[in-house]
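Here's the structure we're looking at; comments come further down.
The values are calculated or read from the model by the stated rules, or taken from the named source; none is laboratory data. Because the structure is a prediction, the values reported are computed rather than measured. Just so you know, the surface numbers come from the protein's heavy atoms only, side chains and all, with ligands and any DNA or RNA stripped out. Shrake-Rupley method; radii C 1.70, N 1.55, O 1.52, S 1.80 Å.
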Amino acid sequence: MNKAIRTLTHGALLLLSVATIHAASPWSVRLRATYLETVDRSDAFTALGISFPKNSVKVNDKLIPEIDVDYAFTDTLSAELVLTIPQTQQVTLSGVGGLGSFKHLPPTLLLQYRANPGSAFRPYVGLGVNFTLIWSDGLSVAGVPLSLENYSLGLAGQAGVDWKINDRWTFNVDLKRAAISSGVYAGAAKLTTAHLDPWLYALGLRYDF
């Protein structure tokens, strides 16, 4: 009987320790629906004998999926890796029309400070870096091929709030801004610099492991 009690006690302690480790996992993932809105700033330039004023280059806004991985160092300090699938953006030039499209992949790494530890309502702010890969830039104007730079590196900022639903699920509202830009070239000649610098408005859910 004593042996059976000891066995049950050890088993219960083992299950409790596993549950505690599971509950204390620092990892979580987020799935967000994110609206990407570019600010469309560009320098004035001349091409094909036409002078184009500043902010003539436009990139479309769009809804994109966002998948994030979070790691909590403490209850108030965490890191977030922001990911999505490769995106295709359309480019237009004021007074001319469509120039074509390009593809990009913009992962962002952020360090977050989370307020109200232990509360169901957790506002947070974050600061980090965005690294955007750019490729398949099928752009042209009047038959003249245009090209973009291969990547963009810039700062990113974030603010948002989490509302805890239960021990595993959290509802999230999030706002980010990333510095993304690229030179626009016709051959070796640089025409302008296009600053996308998008705002990213997001709603989503977080799952805590």
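Helix 2-23 and the long axis of the chain differ in direction by around 20°, with both axes built from C-alpha atoms. Out of [x] 31, 18, 15; [y] 25, 21, 14; [z] 49, 16, 13, which label holds the value of semi-axes √(5λ) of the Cα gyration tensor in Å that was computed here? Entry [z]. In the elastic network of the chain, a GNM with C-alpha springs shorter than 10 Å, the most mobile of Phe171, Phe73, Phe102 is Phe73.
Taking all protein chains as they are arranged and a probe of 1.4 Å, the heavy atoms of Thr38 leave approximately 10 Å² accessible to solvent. For Lys164, the accessible area of its heavy atoms, probed at 1.4 Å with every protein chain present, is near 90 square angstrom. Restricting attention to the chain, the count of lysine pairs at 8 or more positions apart or across chains with alpha carbons under 27 Å apart stands at 12.
When the residues Lys62, Lys54 are ordered by accessible surface, computed with a 1.4 Å probe over the protein chains alone, the sequence from largest down reads Lys54, Lys62.
In this structure Glu149 has an accessible area near 60 Å², from a 1.4 Å probe over the protein heavy atoms.
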